[in-house]
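The next block holds one structure in the form of structure tokens; read it before the comments.
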Amino acid sequence: MSITVNGLDELKKLAGGDLGTSEWIEVTQERIDTFADATGDHQWIHVDPERAKDGPFGAPIAHGYLTLSLFIPLFTELLDVQGVTTKVNYGLDKVRFPSPVKVGSRIRLAAKLAEVQEVPGGVQITVEGAIEIEGGTKPAAVLQSLSRFYA
């Protein structure tokens with residue numbers, strides 16, 4: 001369920017709070033292949049299902065950066081900031097990929113709004129996120145995402 005705020009003052013009030021979890025999405029072979037085509041990374045562990053069956057994970061796995069790239073669509077399910085002129089991805093800190101995402105797995109984002117800091121003309125938020133794998137014991141990715149919102 002999305003939290004909607006109107007303006008920077010309302011956003012600041014969420015600092016330190018839990019943003020909840022997104023819906024589950026399936027990581028299909030088609031999504032992995034499309035990502036491989038977009039990035040030129042066609043390593044067999046991702047795009048060759050037959051060979052990957054005999055690999056270390058028993059199936060093809062998503063690229064770590066594919067998993068990471070899904071942060072934004074999953075995050076937009078959690079927080080909608082209205083009443084601002086510009087929303088900018090400012091970067092990432094402390095990214096790790098503790099567990100591979102096998103083809104056919106479902107993932108979701110669990111997130112917390114760790115910090116809201118003033119910057120010239122707006123605010124910068126730090127979101128602590130974990131991309132969880134359904135039924136998994138470790139997350140697929142853990143990260144801190146930085147975004148800026150301008151009035």
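The values are calculated or read from the model by the stated rules, or taken from the named source; none is laboratory data. Predicted, not measured: the structure shown is a model, and the values here were computed from it. Neighbour counts are summed over all protein chains in view; Cβ atoms, including those assigned to glycine, are modelled from backbone coordinates with ideal geometry. Accessible surface areas use protein heavy atoms only, side chains included; no ligands, DNA or RNA. Shrake-Rupley method; radii C 1.70, N 1.55, O 1.52, S 1.80 Å.
Place a +1 charge on the Cβ of each Lys and Arg in the chain and a -1 charge on the Cβ of each Asp and Glu, then give the dipole magnitude about the Cα centre in debye, rounded to the nearest 20.
280
Using a cut-off of 15 Å between beta-carbons, work out the net charge of the residues near Asp37 (Lys and Arg +1, Asp and Glu -1, Asp37 not included).
Surrounding charge for Asp37 is -3.
Please list, in chain and number order, the residues 5+ apart from Leu79 or on another chain whose amide H is under 5 Å from its amide H, with Hs placed from the backbone.
Excluding prolines and chain starts, which carry no amide H, the hits are Ile3.
With the convex hull built on the Cα atoms of the stretch 97-148, state its orientation-averaged projected area in nm².
Convex hull of Cα atoms, orientation-averaged projection: 4.0 nm².
Give the carbon-plus-sulfur fraction of the accessible surface of the stretch 108-151 in %, rounded to a whole number; probe 1.4 Å, heavy atoms of protein chains only.
47
If we restrict to alpha carbons, what Rg and Dmax does the chain come to, in Å?
17.0, 54
Compare the peptides 130-142, 22-34 by average per-residue count of other Cβ atoms within 10 angstrom and give them in order, highest first.
130-142, 22-34
So between Asn6 and Asp33, what do we pick up on full extension, going 0.36 nm a residue minus the alpha carbon distance?
In short, 5.9 nm is gained.
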